[in-house]
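Notes follow the structure.
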Amino acid sequence: MKMASMPIAVIMQRRALQHRWADEAWSAVGVVPDRGNLPRLQVLSESPERDYYLVSGLELELYTDENEGYYENVMAPESKVFVLWRMEEGRAIPARASVSYVEGTRMFDSGEPADGVTMPAEIYAWVAGYLRQHYTPKPRRGRQHG
């Protein structure tokens, strides 16, 4: 069951490469909350070596069945927002984003391009607040062998 959502925009990057098999590399490099006034795609900077652009229209959604994944991510040394993206009309466009460590692992295992970007403080506070209200961590036992 969906418990909360937050609109976001993703900062994407294109880097020129000098490589025999690829001319460029694409990646998600940042995430910001979307207050609703952003265009779908906004070029932030362009150069022959590197482009940055902002893509809006995604939502982080929190579901009760992913609570353990949110908790694992919040407790990690560096919390991440996981972004799965696809090439569309010559650009890398984010398709999904999640703050669940488990969902992020599924993205990486899917074979599609995905990146983990540093979670901004505002999103971290939102996820942590959600967890305080809706999740109690299971007590950890010692290492079990079996």
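Taking every alpha-carbon pair under 8 Å whose residues sit at least 6 apart, the stretch 21-79 reaches a relative contact order of 20 percent. Since only ALA4, SER45, ALA28 are under comparison, the one whose Cα sits farthest along the positive direction of the charge dipole of the chain, derived from C-beta charges on Lys, Arg, Asp and Glu, is ALA4. Between the stretch 94-146 and the stretch 52-79, the C-alpha centres lie 6 angstrom from each other. Per residue, the chain exposes an accessible area of 61 Å² to a 1.4 Å probe, with every protein chain left in place. Share of carbon and sulfur in the accessible area of the chain stands at 49%, probe radius 1.4 Å. Measuring r between the beta carbons of ARG141 and ALA4 and using R0 = 41 Å, the FRET efficiency lands at 0.85.
When only the Cβ of Lys, Arg, Asp and Glu is charged (+1, +1, -1, -1), the dipole of the chain relative to its Cα centre reaches about 480 debye.
The values are calculated or read from the model by the stated rules, or taken from the named source; none is laboratory data. Please read these numbers as outputs of a predicted model, since none were measured by experiment. Because the Cβ atoms are built from the backbone with ideal geometry, glycine has one as well, and the counts that use them run over all protein chains shown. The protein model used for the area step is the full one, side chains on, heavy atoms only, and it has no ligands, DNA or RNA in it. Shrake-Rupley method; radii C 1.70, N 1.55, O 1.52, S 1.80 Å.
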